[in-house]
Amino acid sequence: MNAFTDLNRVITDVNGTVTVTHDDITDVSLFADQGSVHKVQLTDPKGRALPGYFGLENTVTGELLDSPPVSTGYKIVDHAKAFEHQAKTILGNPELPHGNFTVVDKIINGGRKATRAIYFNDLTWDIDGRGQGVTARADLINSIDMSSAFQIFAGAYREYCENTCVFGGAKTYHQKQKHTRNLSPEALIAKATLSMSLFDQHREQMDAWKVIDPDRSQWGEIMEQTLCATTGKARALTSDKAAKVNGKLLDYMLHRFDQEAKSLGNTAWAGYNALTHWATHTDESFERVNPNTGKVVELQTSRKGSNRDLVQLERNEKVRKVLDSEQWLALEGVAA
């Protein structure tokens, strides 16, 4: 093992894994120094393009990585840009403490994989009720060579493993997605950051949400009366025939609830995750059956050309209004 200190940076190199411990979440120099990676068209021995097959080339060295070819749909997430966005999102959230971080950055296998753990030293939670605070943290795992999925954890725990488990604490949020065309690292990062700030404010409620079990129709009614209610012309088949509802959004929120319930059960916790997913995934597409024609159409969750940061900010405020609504509070009363 080699170790040395450079100002506020402690750097170690163990078996090819470089670890840098520091206190500046905006410092992504470890990853930037490695260079980014982009896809290059592979060719046969005669120089003819191999359609659908791409290699991974380091933009600094110009060398191809010794890794299997990737497809057209493989989405590369640049380490430095992902961690830059994570820092920007955290610093842009006024409800999280800033200025007292411990950051542990790791470069693995020559930069093909990277991890970052951000510890919020001014934010601890007594997760198990024993009076021993656990430091809140956010972990991001990224690869550029198909060796693993993109993962993000948020919560208060002492360690995690990449099969989604955490030890010595609990998660407020976790997501694991393959590097496909629909991967949106920015949205996942925003969702994880929001979940941490909300957990700090609503921890007791969030614990209760995990044991409240609304069925799908109850969830639909709550959405009709809160998030999906509209004064416009949009109308959908609802439990209240006089209600005006954004049918497109209602369909999407029912779809999201179904997706979250697969792993979380039909719980208020699944509903909360559906809400925060909508708040942060501003560029997602989904399928909906046209009620007039019966045909399946693909729709977007936001208007083309909209400002993503502004949309996320507006949606986060709408989520807060749902959580403060009489309909959601009545749901919470079930477990009171």
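The values are calculated or read from the model by the stated rules, or taken from the named source; none is laboratory data. Please read these numbers as outputs of a predicted model, since none were measured by experiment. Neighbour counts are summed over all protein chains in view; Cβ atoms, including those assigned to glycine, are modelled from backbone coordinates with ideal geometry. All accessible areas refer to the heavy atoms of the entire protein, side chains included, with ligands and DNA or RNA removed. Shrake-Rupley method; radii C 1.70, N 1.55, O 1.52, S 1.80 Å.
The three principal axes of the C-alpha atoms in the range 52-196 carry coordinate ranges of 54, 28, 26 Å, sorted with the longest axis first. For the range 307-331 versus the range 12-88, the spacing of their alpha-carbon centroids is 36 Å.
When ranked by the protection proxy of mean other Cβ atoms within 10 Å per residue, highest first, what sequence do the peptides 108-116, 92-100 form?
Numbers: 108-116: 20.0, 92-100: 12.7.
Highest to lowest by the protection proxy: 108-116, 92-100.
Distant-in-sequence amide contacts of Tyr173, defined by a placed amide H-H separation under 5 Å and a gap of 5 or more residues or a different chain, comprise Ala154. Karplus-based coupling profile of the range 186-199, in residue order and whole Hz: 4, 5, 5, 5, 5, 5, 5, 5, 4, 4, 5, 5, 5, 4, with θ = phi - 60° in 6.51 cos²θ - 1.76 cosθ + 1.60 and x standing for Gly or Pro.
Give me the accessible area per residue for the range 78-131, probe 1.4 Å, as a whole number in Å². Don't jump to the answer; show the numbers that get you there.
Details: 2420 Å² over 54 residues.
Ligands and nucleic acids excluded, the figure is 45 Å² per residue.
Neighbours of Asn100 by Cβ distance under 9 Å: Lys/Arg scored +1, Asp/Glu scored -1, total -2.
Once neighbouring chains are kept in place and the probe is 1.4 Å, which whole percent of the accessible area of the range 72-132 is contributed by carbon and sulfur? Show your work: numbers first, answer last.
Values: 1260 of 2780 Å².
Carbon and sulfur: 45 percent of the exposed surface of the range 72-132.
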